[in-house]
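Q: Structure below; questions to follow.
The values are calculated or read from the model by the stated rules, or taken from the named source; none is laboratory data. Everything numeric in this text was worked out from a predicted model, so none of it was measured. Cβ coordinates were reconstructed from backbone atoms using ideal geometry, including for glycine residues, and neighbour counts include every protein chain displayed. Heavy atoms of the whole protein, side chains included, go into the accessibility calculation; ligands, DNA and RNA do not. Shrake-Rupley method; radii C 1.70, N 1.55, O 1.52, S 1.80 Å.
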Amino acid sequence: MSEMFYWQALNRAMDAEMAADETVLTLGEDVGLYGGTYRVTEGLMAKYGEWRVRDTPISENSFTGLGVGAAMLGLRPVVEIMTINFALFAMDAIVNMAAKIPFMSGGQFPMPLTIRMPGGVAKQLGAQHSQRLEHMLMNVPGLRMVVPATPQDAYWQLRQAIRSDDPVIVLEHELLYFSKGRVDEMVPAPPIHQAVVRRRGRDITCVAYSRMLPLALQAAETLAAEGIELTVIDLRSLSPIDWNTCITAVEQTHRCLIVEEDCRFAGAGAEFAATLQEHCFYLLDAPIRRVAGMDIPTPFNGTLEAASIPRADDIVQAARQMMARKEAAR
């Protein structure tokens, strides 16, 4: 076991899979000589050569389509799209090809394609480079999507995605790349789409993913000092979603708080709330509550940008209000 940055865990996972299987290759903008925008492919070109670590032109739809074709022919390509915002150029290859070819071919063409991309609000990158588009990708039948929040999960889930015969989106967060955590390469990995309870509490179930996980855990520490205990669930996967873990937790706390960086209207959290309400209606002592990003293009101004997405204090305030309603109802 060793402590490493999130990007190093991804790099270690790529190295391990490329060493184990010569059909694994990676392609994208600056993945070769430069080593990737966030250093995830650092050192791989020198080790495996330019045939398996391929720098591409700035043409997301073209090189993602190339990845689709390579997967159809038996390779295991890992396509890196520099940011989820640029995935909009590749939606034809992702939605009309990768997600549908296995189904439309009656299973004759599996799709062992992994597409890595960072997303989320970073530090003053502007509205066109700060989008959260997970809700768009969740809405595509045939795609799978994981959202690792820790270096350990980044290592596990990338390796599992590469080994899968289905198209998997590995959605990373730009502000997690330099977060640190322990990575044990020997411990067995949980199922790729299984949610994990990161903290247990008696009062509220808090459902979070990606960068919102550390914020939820931070809020839980603050609330614990006030006598409010949160169960914090890390979804780890957005397609499919491990509903059983969420439902079991709500059965114990009877309250549910959903935290997401995505915009509130028609965001990922709207699906979480709708499905959990269907399954847990008679278990709930209060309406499900959501803490989400504002329904506006992300501002460039640093102060406004920070205010446009959830902060730990926002989670704390929402939990306090939920418990205040409980006290008022007594």
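Q: Out of the range 306-326, which residues are open to solvent by less than 20 Å² (accessible area, probe 1.4 Å) and among the charged types (D, E, K, R)?
A: none
Q: Among all residue pairs at least 6 apart or on different chains, which show Cβ distances below 8 Å where the first residue, located in the range 120-136, is farther than 20 Å from PHE178 by Cα and of a type in the set (A, V, I, L, M, F, W, C) and the second is in a helix (DSSP H, G or I) and modelled with pLDDT of 90 or more?
A: Here the result reads LEU133/ILE84; LEU133/ASN85; LEU133/ALA87; LEU133/LEU88, each pair linking the range 120-136 to a residue that is in a helix (DSSP H, G or I) and modelled with pLDDT of 90 or more.
Q: Residues in the range 26-43 that are modelled with pLDDT of 95 or more and more than 22 Å from ILE84 (Cβ to Cβ): how many?
A: 1
Q: Also: If we only count strands (runs of 3 or more DSSP E) wholly inside the range 93-208, which ones have 1 or more residues that are touching a helix residue (DSSP H, G or I) at 6+ places or on another chain (Cβ under 8 Å) and buried (at least 21 other Cβ atoms within 10 Å of the Cβ)? Outline the logic, then answer.
A: Values: elements: 114-119, 144-146, 168-173, 180-183, 196-199, 204-208.
The qualifying strands (runs of 3 or more DSSP E) are 114-119, 144-146, 168-173, 180-183, 204-208.
Q: Would you be able to say whether some residue in the range 285-302 is part of a helix (DSSP H, G or I) and either of a type outside the set (Gly, Ala, Ser) or touching a residue at least 40 places away in the same chain (Cβ under 8 Å) (or both)? Step through it out loud before you land on a result.
A: In the first step, residues of the range 285-302 are kept if they are part of a helix (DSSP H, G or I); the result is 302.
Narrowing further to those that are either of a type outside the set (Gly, Ala, Ser) or touching a residue at least 40 places away in the same chain (Cβ under 8 Å) (or both): 302.
Yes, the range 285-302 has at least one match.
Q: Can you list the strands (runs of 3 or more DSSP E) found entirely within the range 7-80 that contain at least 3 residues being within 16 Å of ARG163 (Cβ to Cβ)? Outline the logic, then answer.
A: Numbers: elements: 24-28, 53-55, 76-80.
Where strands (runs of 3 or more DSSP E) fall fully within the range 7-80 and carry at least 3 residues being within 16 Å of ARG163 (Cβ to Cβ), they are 24-28, 76-80.
Q: Then there is this: So, THR245, is that one of a type outside the set (Lys, Arg) and in a strand (DSSP E or B) or not? Before the answer, list the steps.
A: Values: of a type outside the set (Lys, Arg): yes; in a strand (DSSP E or B): no.
Considered against the rule, which asks whether it is of a type outside the set (Lys, Arg) and in a strand (DSSP E or B), THR245 comes out as no.
Q: Give the residue, chosen from ILE233, ILE247, ILE258, that is surrounded by fewer than 20 Cβ atoms within 10 Å (Cβ to Cβ) and assigned by TED's automatic domain parsing to the domain that holds ARG320. Steps first, please.
A: Values: ILE233 fails: surrounded by fewer than 20 Cβ atoms within 10 Å (Cβ to Cβ); ILE258 fails: surrounded by fewer than 20 Cβ atoms within 10 Å (Cβ to Cβ).
Criteria check complete, one pass: ILE247.
Q: Among the residues of the range 284-305, which ones are among the aliphatic types (A, V, I, L, M) and surrounded by 14 or more Cβ atoms within 10 Å (Cβ to Cβ)?
A: Going through the range 284-305, the residues among the aliphatic types (A, V, I, L, M) turn out to be 284, 286, 288, 291-292, 294, 296, 304.
Residues satisfying the conditions are LEU284, ALA286, ILE288, VAL291, ALA292, MET294.
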